[in-house]
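What follows is a single structure, written as structure tokens, with notes after it.
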Protein chains: 2
Amino acid sequence: MSRQLITHMEKFIKLSTEHQQVLINYVKRESYKKKEIILSSGDVCRSTYFVVKGCLRMYFITEKGLEQTTQFALENWWISDYMAFTSQTACGFYIQAVESTEVVVLDHYALERLYQEIPATERYFRMIYQKMAAAAQQRTKYFQDFSKEEIYIHFSKSFPEFIQRVPQYLIASYLGFTPEYLSEIRKKNLS
Amino acid sequence: MSRQLITHMEKFIKLSTEHQQVLINYVKRESYKKKEIILSSGDVCRSTYFVVKGCLRMYFITEKGLEQTTQFALENWWISDYMAFTSQTACGFYIQAVESTEVVVLDHYALERLYQEIPATERYFRMIYQKMAAAAQQRTKYFQDFSKEEIYIHFSKSFPEFIQRVPQYLIASYLGFTPEYLSEIRKKNLS
DNA sequence: CGCGACGTTGATTTGCCTCAACGATTGTGG
DNA sequence: CCACAATCGTTGAGGCAAATCAACGTCGCG
């Protein structure tokens with residue numbers, strides 16, 4: 001149900017039952033199987049996705065032809081290509097289900113209507129984007145401060161659930177190094 | 001004057017002259033000389049800064065004791081440690097003037113009042129943070145896709161004004177490599 | 001004019017990648 | 001339910017991009 005999105009929004013703003021109904025009418029629910037592609041590079045990015053259950057990842061294809069993961073989204077996270085979503089143009093990323101995943105889909109047109117009909121949603125997304133900007137600053141800091149080995153150790157302590165749920169080669173791809181090197185790091189740090 | 005901030009906001013939202021006055025009463029104007037520190041790591045991050053004229057940079061001190069630049073802010077950009085600003089806690093970055101710089105300062109308390117008194121500001125900042133999130137995604141992509149040499153070439157083409165205004169060792173620090181290596185790249189690519 | 005900040009150059013070192021090969025585990029069709 | 005294939009993780013040899021270290025120009029400013 002879209003209930004979970006409403007619960008999440010109510011951590012930030014109040015929504016009357018009437019407004020909740022408006023919201024529900026504007027969103028879609030979708031399910032994806034493991035490895036299914038939700039959005040392809042080159043498509044117009046019409047939607048932003050809220051993960052209800054499961055895990056998505058965002059990646060792109062490098063000049064050398066490798067998949068490079070840039071983000072994961074677990075439960076209660078939003079994910080999209082925000083540059084392409086904002087301008088409703090072709091996006092430069094893929095979004096794929098890491099596990100079988102249920103999402104709430106909010107498309108650009110519906111969101112603009114929401115902002116008009118429920119001004120409080122403007123506040124909600126202001127806070128969500130603010131958290132994203134903050135997280136990006138922290139991420140930049142860690143990536144510049146630490147060696148690849150330290151990045152892995154820091155990541156595995158900060159987000160142990162990812163180590164459980166996500167295959168190692170995707171972790172490596174996200175952290176910016178090769179599966180081989182990750183393997184070496186793990187051997188050195190076995191506890 | 002704070003006029004420039006209002007002009008910037010009016011690219012995104014409408015403000016009555018009355019609201020403009022409210023805004024002006026909530027912000028401060030400040031000037032900083034070249035190399036002056038605006039915010040220190042460890043301070044509570046009470047404000048967000050809008051650059052009217054000049055250039056600021058954000059950096060932190062690495063474990064090895066080096067200054068690592070994470071962001072620049074030219075005219076019409078906002079800058080702050082958004083994690084620390086949101087929670088009103090000690091920040092992990094420094095903000096320093098690269099040139100002599102004039103800013104509009106908006107502190108946390110004033111901003112909360114603004115959101116209440118002028119709901120449209122919520123929309124404005126939603127859009128600003130959304131742009132930041134989008135920019136962070138693009139930046140992550142470039143940094144993972146390109147070699148350091150390609151990063152420099154891409155950066156110097158995308159933001160030629162930085163190459164003019166900002167000393168090379170700060171560019172190097174921002175792009176994540178040493179001044180020596182930057183020098184080598186420049187020699188190879190002189191046109 | 002002199003000093004400190006900035007940029008350059010070259011020799012050496014290293015963190016991490018590339019490539020290739022081989023186990024282990026998972027999934028799938030017969 | 002087994003055989004076989006694909007996917008995933010590990011290991012090791014060799015190589016390269018970029019860092020480190022040290023020394024030396026050069027420019028702008030007090």
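Below is a table of values for the structure above.
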{"read-out": "Loop GluC sites (Glu not before Pro), the stretch A:55-110 (other Cβ atoms within 10 Å of the site Cβ: 11 or fewer; DSSP)", "value": "A:GLU63"}
{"read-out": "Under Karplus coefficients 6.51, -1.76 and 1.60, residue-wise ³J(HN,Hα) of the stretch A:168-175 in Hz, glycine/proline x", "value": "4, 5, 6, 4, 4, 4, 5, 7"}
{"read-out": "For the protein assembly as shown, alpha-carbon Rg and Dmax in angstrom", "value": "21.6, 65"}
{"read-out": "Rg over Rh, two decimals, chain A (C-alpha only, Kirkwood Rh)", "value": "1.00"}
{"read-out": "Principal-axis tilt of helix B:148-158 within chain B, Cα atoms, nearest 10 degrees", "value": "50 degrees"}
{"read-out": "Reachable lysines from B:LYS53, criterion Cα separation under 17 angstrom, eight or more residues apart if same chain", "value": "B:LYS28, B:LYS33, B:LYS34, B:LYS35"}
{"read-out": "Unit charges on C-beta of K, R, D, E only; dipole of the stretch A:28-100, Debye", "value": "220 debye"}
{"read-out": "Backbone HN-Hα couplings from phi across the stretch A:62-69 [Karplus 6.51/-1.76/1.60, Hz, Gly and Pro as x]", "value": "6, 4, 7, x, 8, 7, 10, 7"}
{"read-out": "Among the listed pairs A:LYS14/B:LYS14; A:LYS64/B:LYS148; A:LYS148/B:LYS64; A:LYS131/B:LYS141; A:LYS157/A:LYS188, those beyond 21 Å (Cα-Cα)", "value": "A:LYS14/B:LYS14"}
{"read-out": "Shielding by partners, peptide A:119-126 (average Cβ within 10 angstrom, other chains)", "value": "5"}
{"read-out": "Nearest-ten-degree value, helix B:119-145 long axis tilted from longest Cα axis of chain B", "value": "10 degrees"}
{"read-out": "10 Å Cβ shell holding at most 12 others, DSSP loop, trypsin sites (Lys or Arg not before Pro): longest site-free stretch of chain B", "value": "B:65-191"}
{"read-out": "Cβ-based charge dipole, the protein assembly as shown, positive-most Cα from A:ILE13, B:TYR169, B:GLY92", "value": "B:TYR169"}
{"read-out": "Over 18 Å [Cα-Cα, the stretch A:1-111], rounded percent", "value": "50 percent"}
{"read-out": "For B:PRO119, label point 7 Å along C-beta direction: distances to other copies, nm", "value": "0.3"}
{"read-out": "5 angstrom amide H check on A:LEU39, placed H, neighbours 5+ away", "value": "A:ILE95"}
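Each reported figure results from applying straightforward, stated rules to the coordinates on display, with no laboratory input. Bear in mind that the values here come from a model prediction, so they are computed numbers and not experimental data. So basically every Cβ, Gly included, is an ideal-geometry build from the backbone, and we count neighbours across all protein chains shown.
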